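The values are calculated or read from the model by the stated rules, or taken from the named source; none is laboratory data. These figures come from a predicted structure and were not determined experimentally. FYI the Cβ positions are ideal-geometry reconstructions off the backbone, even for glycines, and counts take in every protein chain you see.
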Amino acid sequence: MTYEAMSADIHLLLHQLNLSRCVLIGHSMGGKTAMVMALQWPELVERLVCVDISPSETTAISGFQNFIAAMKAVDIPRGIPRSTARRLAEDQLRPAIQEPTIRQFLLTNLVYAEDRFVWRVNLDAVSQHLGELMGFPHFQVDYPGLTLFLGGSKSGYISSDDYPEIDRLFPEAEIQYVPDAGHWVHADQPQEFIAAICNFLRFPPL
């Protein structure tokens, strides 16, 4: 589970959909995957939007390790309805993950399979590759296309310390921050998020 492997998945999907170029928008891990895709195959990416993430190490500010550990510790008995399973899972996540919005986001990954509720995310694979996922591959090339780094004003995932590396790899990048938004920019301020994306893509706002 590496960014190179995940960007190769996008490359294959574009081929299967017969798309010669696309606009890539990715949040957090998806943003890093989109960056790697653009750096590897710039001719396929018309424009790039990276939401609250930069091409840098994120271990110090990410709660990802805690999320994975909390999800792996959830234990749900067989034979109970979905509503009960979801409530039990949230109750077990609550001590480690206090923010309700993050718990609700994680619970979207709770699915019914083989007579029980399980996480559809491959938690073992994520755990084994956590170091790589918190980092970013090294590139000597840059992506020449227009790029938007769209951060949350209350988040630390895009800081001034990241600007030199952003400028090196994405020389046509602009950096914006959505007011009163944390890491989940699109959930915290959806209208402002959409407006920023539309303005970057030169579409009229919805």
List the pairs whose first member sits in the range 66-90 and is more than 14 Å from L107 (Cβ to Cβ) and assigned to a helix (DSSP H, G or I), whose second member is modelled with pLDDT of 90 or more and basic (K, R), and whose Cβ atoms are under 8 Å apart, counting only residues at least 6 apart or on separate chains? none
Considering the range 1-27 alone, what residues qualify as being polar (S, T, N, Q) and surrounded by 20 or more Cβ atoms within 10 Å (Cβ to Cβ)? S7
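So which residues in the range 91-113 are touching a strand residue (DSSP E or B) at 6+ places or on another chain (Cβ under 6 Å) and either part of a helix (DSSP H, G or I) or of a type in the set (A, V, I, L, M, F, W, C) (or both)?
Listed by number, the list holds a single entry, L110.
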Check on F170, crowded, with 19+ Cβ neighbours inside 10 Å, in contact with a Phe, Trp or Tyr (Cβ under 6 Å, 6 or more places away or on another chain) and closer than 18 Å to G30 by Cα: yes
Any residue at all in the range 82-91 that is surrounded by 13 or more Cβ atoms within 10 Å (Cβ to Cβ) and within 16 Å of the chain's Cα centre (by Cα)? no
Exactly one condition in (1) modelled with pLDDT of 95 or more; (2) outside any loop (DSSP other than H, G, I, E, B); (3) surrounded by fewer than 19 Cβ atoms within 10 Å (Cβ to Cβ) is not met by V141; state its number. (2)
